[in-house]
1. What list of ³J(HN,Hα) values in whole Hz, one per residue of segment 13-23 in order, does the Karplus curve 6.51 cos²θ - 1.76 cosθ + 1.60 (θ = phi - 60°) give from phi, with Gly and Pro shown as x?
2. How far, in nm, would the chain grow between residue 147 and residue 87 when pulled straight, counting 0.36 nm per residue and subtracting the alpha carbon separation?
3. Could you give the length gained on full extension between residue 8 and residue 25, defined as 0.36 nm per residue of separation minus the Cα-Cα distance, in nm?
4. Report, in deg cm²/dmol and to the nearest 500, the calculated mean residue ellipticity at 222 nm for the chain, where each DSSP H run with n ≥ 4 adds -39500 (n - 2.57) and the sum is divided by the residue count.
5. In the Gaussian network model of the chain, springs joining C-alpha atoms below 10 Å, which of 96, 104, 141 carries the largest mean-square fluctuation?
6. I want to verify a result. In a Gaussian network model of the chain, Cα cutoff 10 Å, which of these has the top mean-square fluctuation: 62, 149, 93?
7. Would you mind telling me the share, in percent, of accessible area of the chain contributed by carbon and sulfur at probe 1.4 angstrom?
8. Check which residues have an amide H placed less than 5 Å from residue 63's amide H, if you skip close sequence neighbours.
Amino acid sequence: MSSTPRIEGLARRHKPLLSRFENQHVELADYLRRWALPHHERDRLSRTRIALDVVDGRERVIGYHSLAAASIEHGTLVSTHFASLPKFPLPAILLARLAVDTGAQGQGLGRYLFEDALARAVEVGEIVGVRLLVTDAKDDAAVEFYRHIGMFALGDGFPCRMVLDLRTTVARGS
């Protein structure tokens, strides 16, 4: 990264930049190239934000995150932290995807993108009442990344589904 990347909402004008995005998880790069824009514009299934930077004199997408609506069945939350909540599905924001280009990994961009996603989830939670931020970690390294930033496993039956209580995030000032 040459500087602090610029994060902006994915738009049609970014389409030529998407083909150069690479990630060790091929499905994450494929999602950005093939599905992120249709899901964003046409289907309204998610909202994708991209991190842009200048690499070798050319603007590049070096990371992205996608957010979507979700709900979590109360019974899947094994933590006693949620015991007092109503026993119906709890509203959540799904961090559907978060990926960093292979050329930009190890420089803190993943955390930067996560913080952007978290700030947006908190903002939505203030408007419509959302309690949880959830994500599905791709592998053990992703589980450790999310644990390091305060998320925990949803339950024993879902070891890769990670959750963050937005109420405690708001209380400590994000």
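1. Whole-Hz 3J(HN,Hα) from phi for segment 13-23: 5, 7, 3, x, 7, 6, 5, 8, 6, 10, 8.
2. Values: separation 60, 0.36 × 60 = 21.60 nm, distance 2.58 nm.
Difference between extended and current length: 19.0 nm.
3. Values: separation 17, 0.36 × 17 = 6.12 nm, distance 2.27 nm.
Stretched out fully, the residue 8 to residue 25 stretch lengthens by 3.9 nm.
4. On the way: 6 runs with 50 residues, N = 174.
Helix-only estimate at 222 nm: -8000 deg cm²/dmol.
5. Of 96, 104, 141, the Gaussian network model singles out 141 as fluctuating most.
6. Of 62, 149, 93, the Gaussian network model singles out 149 as fluctuating most.
7. Details: 4820 of 9150 Å².
C and S fraction of accessible area: 53 percent.
8. Those lying under 5 Å, H to H, from residue 63 are 51, 101.
The values are calculated or read from the model by the stated rules, or taken from the named source; none is laboratory data. Model, not experiment: these values are computed from the prediction. These accessible areas exclude ligands, DNA and RNA; they are computed on the full protein's heavy atoms, side chains included. Shrake-Rupley method; radii C 1.70, N 1.55, O 1.52, S 1.80 Å.
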